[in-house]
Amino acid sequence: MEEKEISQAVIGRLPRYFRYLGELKDEGIERVSSQELSDIMQVTASQIRQDLNNFGGFGQQGYGYNVEFLYEEIGRILGIDRKHNLIIIGAGNLGQALANYMNFERRGFLCKGIFDNNPKLYGRKIRGIEVQPMESMERFVPENNIDIAVLTIPKGEAAGVAEELIRYGIKGIWNFAHVDLKVPEGVQVENVHLSDSLMKLSYNISRFQNDK
């Protein structure tokens, strides 16, 4: 059977469902209705039902959703029911901040290596992980079963480094370089432009002030 194509908008909401369900689970709440989720998440109950129906629904009429079951199922859909080994390319401020972010490990994303082209940083340890030269990636990636690379490098270097990483076997790139990467089919890229998000916030502030 041909797999159903799920919109990126729906996929973009799944991590929010996962996060809120995790909080409910930690509070010991066993079940939740779509309306209760709606009140918490500020997403309509109808939208929640439509989103979840893309993956089978998971709810029962008159009961709602089993919190723990739905939490685990969304985790499985997102692929975080298994471990992902990642490396960080760029040991500057952003790279160090990401390496120090403990929540990644709780979600199954394990930082195995940090690389930079600045010799002054070689040997420096960030949360016990030693910064290595970029030349070491070719050996390190296959030996450590790395499937995700995080790019926190200047945009002029990003495309070339991405090509190298793909040759070494990387299947996913989390790209913080200020350039949209184009990669072969089969390699997934999430381009993160922090300034875009900040400008969106600026727009919403301005709109709110103009409406007053």
Rounded to the nearest 5, the percent of DSSP beta bridges in the chain running antiparallel is 20
Compute the distance from the alpha-carbon center of region 14-57 to that of region 148-192, in whole Å.
32
Ordering 113-120, 78-85 by per-residue average of other C-beta atoms within 10 angstrom, highest first, gives 113-120, 78-85
Could you tell me which of rounded, prolate or oblate describes region 129-212, using a ≥ b ≥ c as the square roots of the eigenvalues of the alpha-carbon gyration tensor, with rounded for a/c under 1.5 and, failing that, prolate when a/b is larger than b/c and oblate otherwise?
prolate
Calculated from DSSP H runs of 4 or more alone, at -39500 (n - 2.57) each and per residue, what is the 222 nm mean residue ellipticity of the chain, nearest 500?
-14000 deg cm²/dmol
How many percent of the accessible area of region 1-147 is carbon or sulfur, using a 1.4 Å probe?
45
Label region 77-175 by shape, choosing from rounded, prolate and oblate, from the square roots a ≥ b ≥ c of the eigenvalues of the Cα gyration tensor; if a/c is under 1.5 it is rounded, and otherwise prolate applies when a/b is larger than b/c, oblate when it is not.
oblate
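Leaving out ligands and nucleic acids, and using a 1.4 Å probe, what accessible area per residue does the chain come to in Å²?
Counting only protein heavy atoms, the per-residue value for the chain is 63 Å².
Run the numbers on region 85-175 and let me know its relative contact order in percent, using alpha-carbon pairs under 8 Å that are six or more apart.
Across region 85-175, relative contact order equals 32 percent.
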Considering Cα pairs under 8 angstrom that are at least six residues apart, work out the relative contact order of the chain and quote it in whole percent.
13
How would you order 141-154, 95-108, 193-206 from highest to lowest mean count of nearby Cβ atoms within 10 Å?
141-154, 95-108, 193-206
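The values are calculated or read from the model by the stated rules, or taken from the named source; none is laboratory data. This one's a predicted model, so the numbers in the text were calculated from it and none came from an experiment. Methodologically, a virtual Cβ is constructed for each residue, glycine included, from the backbone with ideal geometry; neighbour enumeration extends over all protein chains shown. Note: areas computed on protein heavy atoms with side chains; ligands, DNA, RNA excluded. Shrake-Rupley method; radii C 1.70, N 1.55, O 1.52, S 1.80 Å.
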